[in-house]
1. Straight-line reach from Lys71: which lysines have Cα under 26 Å away, leaving out those fewer than 8 places along the same chain?
2. Within segment 1-104, list the chymotrypsin sites (Phe, Trp or Tyr not before Pro) lying in a DSSP loop whose Cβ has at most 16 other Cβ atoms in a 10 Å radius.
3. Dipole magnitude of segment 40-165 about its Cα centre, charges +1 at Lys/Arg Cβ and -1 at Asp/Glu Cβ only, in debye to the nearest 20?
4. Compute the orientation-averaged projected area for the chain from the convex hull of its Cα atoms and round it to one decimal in nm².
5. May I ask you to derive the FRET efficiency for Glu23 and Thr86 from their Cβ-Cβ distance with R0 = 35 Å, giving the value to the nearest 0.05?
6. Compute the longest continuous run of the chain that contains no exposed GluC sites (Glu not before Pro); treat a site as exposed when its DSSP state is not H, G, I, E or B and it has at most 14 other Cβ atoms within 10 Å.
7. Could you please state how large a percent of the accessible area of segment 60-177 is carbon and sulfur, counting protein chains only and using a 1.4 Å probe?
8. Choose one of Leu96, Pro70, Leu22: the residue whose Cα lies farthest towards the positive end of the charge dipole of segment 1-142 (beta-carbon charges +1 Lys, Arg; -1 Asp, Glu; about the Cα centre).
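The values are calculated or read from the model by the stated rules, or taken from the named source; none is laboratory data. Predicted model only: the values in this text are computed from it and were never measured. Every residue, glycine as well, gets a Cβ built from its backbone with ideal geometry; the counts of neighbours run over all protein chains shown. Note: areas computed on protein heavy atoms with side chains; ligands, DNA, RNA excluded. Shrake-Rupley method; radii C 1.70, N 1.55, O 1.52, S 1.80 Å.
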Amino acid sequence: LFRALDLFYVHGFHEVGLDRILEETGVTKTTFYNHFESRDHLIREAVVLRNEWEASVFAREVQRRAGFDPKKMLLAVFDVLDDFFTLPDYRGCLFLAASTEFPSRTHPVHKAAAQHYVDAERDLLRMAEAAGARDPVGLARTWQILVQGALMARQTLHDDAAAKRARAAAERLLAAETDPG
């Protein structure tokens, strides 16, 4: 599963066929079909696995930088993104790629990719509530839009400073949402 995930991340979901996966992993078709119904099922499971891993790493890094201060945690989201963006092997957001390559909202791969953003927004909502935002739902949604915008700017424009730019906007938004008066 991990090797297939690496292949999908590097080459794209539609560029990696089942034969290549089997060849790279040394798994037979019989063994493959004992574990997965189809290539799409494998892709869905790979996306779910990546979501679990990335959410854990991301939360740990946010907490390492900000402790338990919800305002600092919200801003640290962009600092962690910035670190991801500057990794030498960063190739963009796997979840964005999956939702793009599987555009039907009812496709299981698209649903798994979208779940990543649903989970992230839920976490942002908790932070926004703890930070005392006047409109925590609105803040979490807007925060998510800033994150997604940074992801898109990094991916499409190769803007290595996209997370820093988004953080600057987020600082102003956070102040407007949490400052008294």
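1. Candidates past the 8-residue exclusion: Lys164.
2. Phe68, Tyr90
3. Working: 17 positive and 18 negative charges, 61 e Å.
Dipole about the Cα centre, nearest 20: 300 debye.
4. One quarter of the hull surface, i.e. the mean projection, equals 11.0 nm².
5. Computed FRET efficiency for Glu23 and Thr86: 0.60.
6. Answer - 38-181.
7. 57 percent
8. Value computed over the given set: Pro70.
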